Amino acid sequence: MADVYNEQNYQAMMQALYAFASNVYSVQSELQTLAGVCAGALVSGDQAVEEINKKITACTVKYAEIAERAGKLAEELQAEIDHHRKEDAIWAEDD
């Protein structure tokens with residue numbers, strides 16, 4: 001089976017992954033900020049505040065992990081592009 005490689009598709013996917021990661025980080029930050037605002041509006045020492053903060057923190061940690069994974073996938077795609085470019089250069093030398 002032939003190995004099909006299209007650098008433009010790889011570049012487009014990398015851009016999409018980086019945009020996704022950026023958006024997720026932004027939403028995560030906003031979520032954490034809004035949770036802080038909500039907690040500030042509630043009575044100090046309210047047990048619900050602690051529970052809300054725990055859940056929000058757990059949620060934002062997961063968002064951060066997802067965004068980090070998207071960035072790593074983009075880096076892996078870049079490594080594949082670099083590999084293909086090296087292979088192309090070697091094949092070009094043989095001509």
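The values are calculated or read from the model by the stated rules, or taken from the named source; none is laboratory data. Computed from a predicted model, the values in this text were never measured in an experiment. A quick note on method: Cβ atoms are made from the backbone with ideal geometry, for glycine too, and the neighbour counts reach across all protein chains shown. When the accessible area is computed, the model is the full protein with side chains, heavy atoms only, and any ligands, DNA or RNA have been set aside. Shrake-Rupley method; radii C 1.70, N 1.55, O 1.52, S 1.80 Å.
Data table
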{"item": "Potential lengthening between Glu75 and Gln47 on full extension [0.36 nm per residue; Cα-Cα distance subtracted]", "result": "5.8 nm"}
{"item": "The chain: angle of helix 7-41 to the longest principal axis, Cα-based, in degrees nearest 10", "result": "10 degrees"}
{"item": "Extension gain (nm, one decimal) between Val61 and Ser29, 0.36 nm per residue minus Cα-Cα", "result": "10.5 nm"}
{"item": "Stokes-Einstein diffusion coefficient of the chain, Kirkwood radius over Cα pairs, 20 °C, 1.002 mPa s, in µm²/s", "result": "131 µm²/s"}
{"item": "Among Cys38, Thr57, Leu73 - extreme Cα towards positive end, dipole of the chain, charges at beta-carbon", "result": "Cys38"}
{"item": "The chain - charge dipole about Cα centre, Lys and Arg +1 at Cβ, Asp and Glu -1, debye rounded to 20", "result": "780 debye"}
{"item": "Inter-label distance for Ser22 and His83, nm, one decimal - labels placed 7 Å from Cα along Cα-to-Cβ", "result": "2.7 nm"}
{"item": "Accessible-area ranking of Asp88, Asp82, largest first, probe 1.4 Å", "result": "Asp88, Asp82"}
{"item": "C-alpha long axis of helix 47-94 to longest principal axis of the chain, angle in °", "result": "10 degrees"}
